[in-house]
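Colleague: This is the structure I want to talk about, given as structure tokens.
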Amino acid sequence: MTQQWKPICQVDDIPVLGARVVKRVDQPDVAVFRNSEDKIFALLDKCPHKGGPLSQGIVFGERVACPLHNWNIELGSGCAVAPDDGCTPKFSVKVEKGKVYLDVNELTALGLEAKAA
Ligand code: FES
């Protein structure tokens, strides 16, 4: 399948050390994070522990601390840092000329199994 990129926002639209939520119809949201080095990451907005909204967590380095029980999640992989265990789906990100893009195929297909009841 050819990769199609969907423009999401500008890097500057995402708070430094924070996140912006990308809504999806009938699917869990995607959180797009920005760290202190302006690196951009995208994960399903659900903690692998109990589904906490990672977009409301605090970014530090290349990790985010879940706002619910403070698990640390690697932004690059979506996986919890040991001793905690579990991963949330991560999304491919492209940044070009200060603009953030997500993969259209992933946006329609990824993270559906985590759909809220
Ligand atoms: S839901 Fe994220 S640490 Fe519990």
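Read the figures in this text as sums done on the coordinates, not as results from a lab. It should be emphasised that the depicted structure is a prediction, and the values quoted were computed from it without experimental measurement. Neighbour counts are summed over all protein chains in view; Cβ atoms, including those assigned to glycine, are modelled from backbone coordinates with ideal geometry.
Colleague: Amide H neighbours of Gly86 under 5 Å, counting only residues 5+ apart in sequence or on other chains, H built in-plane at 1.01 Å?
Modeller: The answer is Ala80.
Colleague: May I pose another question? For region 5-97, what is the charge dipole size about the Cα centre, in debye to the nearest 20, if Lys and Arg each add +1 at the Cβ and Asp and Glu each add -1 at the Cβ?
Modeller: Charge dipole, region 5-97, about its Cα centre: 220 debye, nearest 20.
Colleague: Still on this structure: Can you list residues from other chains, or at least 5 along the same chain, whose modelled amide H is less than 5 Å from the amide H of Ser92?
Modeller: Hits under the 5 Å cutoff: Asp103.
Colleague: Taking trypsin sites (Lys or Arg not before Pro) as candidate sites, keep only those in a DSSP loop with at most 11 other Cβ atoms within 10 Å, then name the longest stretch of the chain containing none of them.
Modeller: Details: sites that count: Lys50, Lys97, Lys115.
Segment 1-49 is the longest.
Colleague: Something else now. If you take the charge dipole of region 5-97 about its Cα centre, with +1 on Lys and Arg Cβ and -1 on Asp and Glu Cβ, which of Val16, Pro28, Val64 is farthest toward its positive end?
Modeller: Value computed over the given set: Pro28.
Colleague: For region 5-97, what does the relative contact order come out to in percent, with C-alpha contacts under 8 Å and a separation of six or more?
Modeller: Relative contact order, region 5-97: 21 percent.
Colleague: Could you give me the ³J(HN,Hα) list for region 83-94, computed from phi with Karplus coefficients 6.51, -1.76, 1.60 and θ = phi - 60°, whole Hz, x at Gly and Pro?
Modeller: Values, residue by residue: x, 6, 9, x, 9, 10, x, 10, 10, 5, 10, 10 Hz.
Colleague: Students often forget the sequence filter, so: which lysines lie under 16 Å Cα-Cα from Lys46 once same-chain residues fewer than 8 apart are removed?
Modeller: Lys23, Lys90, Lys115
Colleague: May I pose another question? Seen from all sides and averaged, what is the projected area of the convex hull of the Cα atoms in the chain, in nm²?
Modeller: So the Cα hull casts an average projection of 7.1 nm².
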